[in-house]
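See below for the structure under consideration.
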Amino acid sequence: MGFSWRKRLRVANEKKITPVMSWSESETDITIPPEFQCPISIDLMKDPVIISTGITYDRESIETWIGSGNKTCPVTNTVLTTFDQTPNHTIRKMIQSWCVEAGSSSIHRIPTPRVPLMPCDVHEICRKLSSATRRGEFEKCGEFIGKITKLGDESEKNRKCINDNGVGLVLCECFDKFSGDEKLTFMLKEILYLLTWMIPIGSDGITKLSSATSFRWIAGLLRSKDDSARENAAVFMKEILSLDKTRVYAFAVENRVAEALMKLIRDSVSTRSTKSSLIAIYQLVLQKPEIASEFLEIGLVNMTVEMIVDAEMNVCENALGVLDAICETEEGREEVRKNALVMPLLVEKIAKVSELATRSSVSVILRLCKMGNTFSVEEAVRLGAFQKVLLVLQVGYGEETKEKATELLKLMNSHMKLMSDCVDSLVEFKYLKKPF
C-alpha cells in the first residue's frame with residue numbers, strides 16, 4: 001500500500017534517502033537529481049511550478065494536494081496565502097537538458113507543457129465575444145466560439161475554468177442574437193454543444209434561450225436529422241420548460257415540440273436524450289392540458305409503459321413520473337387504465353427500483369383507484385399491492401409517500417372488507433336446497 005504524501009516526505013527527510021529510479025539498461029542505475037524531483041511524488045517533475053511559499057512542485061501533484069482540501073505547503077507546512085502557481089521555466093529547461101544528457105532510451109525529454117487557462121484569459125474572451133455579439137459580427141463570434149471549444153477540449157481543468165468564469169451567459173446572449181439566421185446553423189449548434197458543459201447556466205441565460213426566435217430554433221433542432229444536435233436541443237428544452245412561463249408553453253404548442261420529443265425517445269438516440277425528453281414531457285403534461293391530450297393521441301401511455309418494463313433506473317423513474325402526470329386528468333387516467341400492463345408493473349416497482357420510483361408508483365395506483373373505481377382497486381389487491389404498500393409505511397420513505405400509501409391502504413382495506421362480507425353471505429346460503 002502506498003505511503004501518504006506526508007509520510008513519504010518524512011521518510012525521505014529523516015533517512016536522507018535520495019530516491020533512485022533504476023532501469024536494467026547496461027546494468028546502470030540512473031539517479032534523478034533531488035532538485036528535479038517533486039517533493040510530493042518523489043518523481044521527476046514534468047511541469048514544475050512555484051507556489052506562494054517559493055517551493056517548486058510538479059503541477060499535477062500540487063493541484064491534487066490542494067484539490068484534496070489542503071491549505072498548507074507540503075514541505076514547510078506554511079498556510080498558503082494564494083493557490084496560484086507560477087511555471088518554473090528555469091527548472092523545466094534544466095530537467096529537459098538533463099534528460100537529453102542522460103542519454104538513456106528509458107528517459108525521454110519531457111515536453112514543454114501547455115500554459116493552463118487562467119480566469120483572466122476567460123474574462124478577456126468573454127469581453128471580446130460580448131462586444132462582437134453586440135455589434136453583430138458573427139465571424140468574430142465564430143472565432144471566439146471555436147477558441148473556447150479548443151481550450152475546453154484540451155483539458156478538464158480548462159473546461160472547469162471556462163465554466164466558472166461567466167462564459168455561459170455570454171454564449172446564451174450570442175445564441176439569442178443570431179438564432180434567426182439560418183446561415184449560422186453550424187455556429188449555433190456549436191454554442192449549444194458548449195452550453196451542455198455549463199448546466200446549470202442560470203435563469204438569465206435560460207431566459208435568453210426562451211425568446212421566440214431562440215425557442216423556435218431549438219425546436220427546429222429537435223426535428224432535425226442531426227442526432228447530436230437533437231440531444232443537445234432536448235437538454236435545453238428541458239431547462240427552458242422549467243421556467244414555468246405561459247408564453248414558453250405557447251411556443252411549445254406552436255412549434256410541435258410534443259411530437260419531436262416523442263420521436264427522439266422512440267429513436268433511442270441516447271440515454272441522456274431520453275431522460276431530458278421525459279422531463280420535458282413531464283413539465284408540459286403538468287402545465288398544459290391541451291398538450292397532454294396531444295401526447296395521449298400520439299401514444300405516450302404505451303411508450304411510457306414500454307420504458308418502465310426494462311429501462312435503467314433513472315429512465316424508469318422519469319417514465320413513472322410522466323405516468324403520474326398523465327393521471328392528473330380524467331382523460332389521462334382512462335387512457336392509462338386501458339393498458340393491461342400498467343397495474344402489474346406499478347405493483348412490481350414498489351420498493352424495488354428507488355424511493356422516487358416507489359413514490360410515483362404509489363401515486364399512480366392511488367389516482368387510478370380513487371373516484372370509486374372498483375375494478376382498479378380489485379386488481380391492485382389481487383396483485384399483492386396491499387402487502388407492498390404496507391411495507392412502504394414501515395420503511396423510511398418520505399412523508400408525502402407515506403401519506404399517499406396510507407390513503408391507498410384505506411381504499412384497499414375497505415374493498416377487502418366488502419369482499420369478506422360477500423363471502424360470509426355466501427357461506428350463510430351454502431346449505432339452502434336448490435328448487436327443482
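Structure values in brief
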| read-out | value |
| --- | --- |
| Accessible area per residue, Å², the range 279-360 with all protein chains present, probe 1.4 Å | 41 Å² |
| Pairs of alpha carbons in the chain whose separation is greater than 32 Å (percent) | 60 percent |
| For the range 28-84, radius of gyration divided by Kirkwood radius, i.e. Rg to Rh on alpha-carbons | 1.01 |
| Intensity falloff of the range 275-422 expressed as log10 I(q)/I(0), Debye formula with alpha-carbon point scatterers, at q = 0.08, 0.09, 0.14, 0.22 Å⁻¹ | -0.20, -0.26, -0.62, -1.44 |
| Descending semi-axes in Å of the range 231-338, equivalent ellipsoid built from Cα gyration tensor | 19, 18, 11 |
| Alpha-carbon Rg/Rh ratio, for the range 152-255, with Rh computed the Kirkwood way | 0.96 |
| Separation between Cα centres of the range 132-149 and the range 240-299, rounded to whole Å | 32 Å |
| Neighbour-limited loop hits for trypsin sites (Lys or Arg not before Pro), the range 213-270 (at most 12 other Cβ within 10 Å; DSSP other than H, G, I, E, B) | K225 |
| Residues whose placed amide H lies under 5 Å from that of T72, excluding near-sequence neighbours | L80 |
| Paired Rg and Dmax values of the range 364-411, which use every Cα atom, in angstrom | 10.4, 30 |
| Cleavage-rule hits, trypsin sites (Lys or Arg not before Pro), the range 282-365, DSSP coil, Cβ neighbours within 10 Å at most 16 | K338, K352 |
| Loop-exposed GluC sites (Glu not before Pro) per DSSP, neighbour cap 15 Cβ within 10 angstrom, longest uninterrupted part of the chain | 138-311 |
| The chain - mean residue ellipticity at 222 nm from DSSP helices (-39,500 (n - 2.57) per run, n ≥ 4, rounded to 500) | -20000 deg cm²/dmol |
| Between 0 and 90°, nearest 10: helix 212-222 axis offset from the chain longest Cα axis | 80 degrees |
| For the range 298-339, convex hull volume per residue from C-alpha positions, Å³ | 57 Å³ |
| P(r) weight above 22 Å for the range 62-205, C-alpha pairs, percent | 55 percent |
| Volume per residue that the Cα convex hull of the range 319-406 spans, once the total is divided by residue count, Å³ | 85 Å³ |
| Over the range 162-222: Kirkwood hydrodynamic radius from C-alpha pairwise inverse distances, Å | 11.4 Å |
| Heavy-atom accessible surface of the chain: percent carbon and sulfur, 1.4 Å | 53 percent |
| Above-threshold pairs, the threshold being 27 Å between Cα atoms, out of K245/K275; K208/K288; K189/K349 | K189/K349 |
| Links that overshoot a 27 Å alpha carbon limit, given the list K140/K160; K46/K140; K46/K128; K147/K183; K140/K183 | K46/K140; K46/K128 |
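The values are calculated or read from the model by the stated rules, or taken from the named source; none is laboratory data. As the structure is a computational prediction, the values presented were derived from the model and not from experiment. Reconstructed Cβ throughout: ideal geometry from the backbone, glycine too, with neighbour counts over all protein chains shown. Accessible surface is based on the protein model in full, side chains and every heavy atom, while ligands, DNA and RNA are left aside. Shrake-Rupley method; radii C 1.70, N 1.55, O 1.52, S 1.80 Å.
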